[in-house]
Amino acid sequence: MSDAYIIGADMIAFGRYPGKTPAQLGGEAALMALDDAGLTIDDVEVFYTGSAFTASASMSQQIMREIGQSGIPCVNVSNACASGATAVREAFIAIKSGLYDVALVVGTEMNPHGLLGGGPGAGLQSEGVFGSGSMPAVFAECGTVHSQKYGTTMEQFAKIAVKNRKHGALNPKAKFQTEASLEEVLASDMIAYPLTKLMCSANVDGAASLVVVSEKKAKEMGLGRAVRIAGSGLASDPWEANNPELFDPNSVTRLAAKQAFDMAGMGPEDLNIVELHDCFATAEMLHYENLGLCPEGEAARMIEDGKVVLGGRIPVNVSGGLIAKGHPIGATGVANIVEIVEHLRGEAGKRQVEGARVGLAHVLGFGTSSAVHILQKA
């Protein structure tokens, strides 16, 4: 069974692109990744695209019309916020199976405006009965539960947003490239306690792409900038006793992380850098524990002691995370991997994590899936 390597990785700047289509954004990112790999669309043998909102049923085919139709198999993935990462996993499986030597992956999205989740729908409605299904409310609840159990404060959650905005100021492809003080974060509009506006992820458009190849192809191309996908985990939300009253983002992430670590033969202690799903500041706090970066109940200590900042023991979301970089749903999982690849190559510029050799990329699809990938410098 072949190992799978990433030899091409890139993304467009996240923001808003009125007048463009998701396929145009995805095509631009795809060409950037192919250029990075030194390949063309004619070298690609199979194509996977992740997209949650925007015509995902034929997104790969639409992108192919932008960059060259070669008749290869196209697979379209829609899996909420885990769409892009799920597309990467499908490419990983295809390469490891030995069926293909070169796979192209794109995550692309043009997000709708306004709050995501909640609102009217068909069938029995829990909205307003069990609480709210809007994403800020859901993750506000999760943060409140953590506060009740461990005494986590609103200020500690806010410090995560301060950290990520500081990191985002170093990332030329982040939506927000300005820092925010703790006072500014706390004073911004209250969305759902304890979450203020600056503790919420940015709703943007974007696209990111990877070229994944077999070990044979990677050696042929040269391993100098190659990054091995050492482990890949994907899990769905297990039944919990508190469903449907309270969504639990913890178990699904822990399941995916265990799969990825077991496959890689590694543990959290081997990581040098992490890009995790900080859709809200409360979510990042929970995932420190879910990914094994610290013992249960000690997540707040990670941010207080500076362990997760650039220069700390295990830097988290050096890209700026979803809070500063932005969260184009289908593109996020691919973009998180692009960020890790750049650090493992030593090509992350001002935000470089020095000496990084192993990284983890994580996404959480609300109520559906969590995906975790362990990446290793070749």
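Mind listing the long-range amide H neighbours of Thr196? Cut-off is under 5 Å, sequence gap 5 or more, other chains count too, H placed in the peptide plane at 1.01 Å from N. The answer is Ile191.
Among the GluC sites (Glu not before Pro) within the range 196-253, those in coil by DSSP and having at most 12 neighbouring Cβ atoms inside 10 Å are Glu245.
Local charge for Ala299 was computed over the other residues whose Cβ lies under 12 Å away, with Lys and Arg +1 and Asp and Glu -1, and equals -2. A straight Cα-to-Cα reach below 30 Å connects Lys149 with the lysines Lys159, Lys163, Lys166, Lys197, Lys258, Lys307, residues fewer than 8 places away in its own chain not being considered. Toward the positive end of the charge dipole of the range 245-313, about the Cα centre and with charges on Cβ (Lys, Arg +1; Asp, Glu -1), which of Met266, Phe247, Leu293 goes farthest? It is Met266, whose Cα lies furthest towards the positive end. Fully extending the segment from Glu354 to Ser58, taken as 0.36 nm per residue of separation minus the present Cα-Cα distance, adds 102.5 nm. The GluC sites (Glu not before Pro) of the range 335-378 that DSSP puts in a loop, and whose beta carbon has at most 15 other beta carbons within 10 Å, are Glu347, Glu354. Residue-wise HN-Hα couplings along the range 46-52, as the Karplus relation 6.51 cos²θ - 1.76 cosθ + 1.60 with θ = phi - 60° gives them from phi, are 7, 9, 10, 10, x, 7, 9 Hz; Gly and Pro carry x. Candidates Ser201, Ala13, Cys74 compared by Cα position along the dipole of the chain: farthest toward the positive end lies Ala13, with charges placed on Cβ.
Pick from Gly265, Gly359, Gly312: which residue has the top mean-square fluctuation in a GNM of the chain where Cα pairs under 10 Å get a spring? Judging by the Gaussian network model, the answer is Gly265. Compared with the alpha-carbon gap, the fully stretched path from Ser251 to Ser70 is longer by 61.0 nm at 0.36 nm per residue. Candidate cross-link partners of Lys217 among the lysines, defined by an alpha-carbon separation under 20 Å and a same-chain spacing of 8 or more, comprise Lys96, Lys377.
Restricting the chymotrypsin sites (Phe, Trp or Tyr not before Pro) of the range 204-287 to loop positions (DSSP other than H, G, I, E, B) with no more than 10 neighbouring Cβ atoms within 10 Å leaves Trp239. One decimal place: the segment Asn242-Ser97 gains 48.3 nm when fully extended, by the rule 0.36 nm per residue minus the C-alpha distance. If I take R0 = 45 Å and measure r between the Cβ atoms of Glu155 and Asp262 in this structure, what FRET efficiency does the formula 1/(1 + (r/R0)^6) give, to the nearest 0.05? The calculated FRET efficiency here is 0.80.
Read-outs: derived from the displayed coordinates by stated rules, not from any lab. Just so it is clear, the model here is predicted, and its values are computed rather than measured. With ideal geometry, Cβ positions are generated from the backbone for all residues, glycine too; neighbour counts draw on all protein chains shown.
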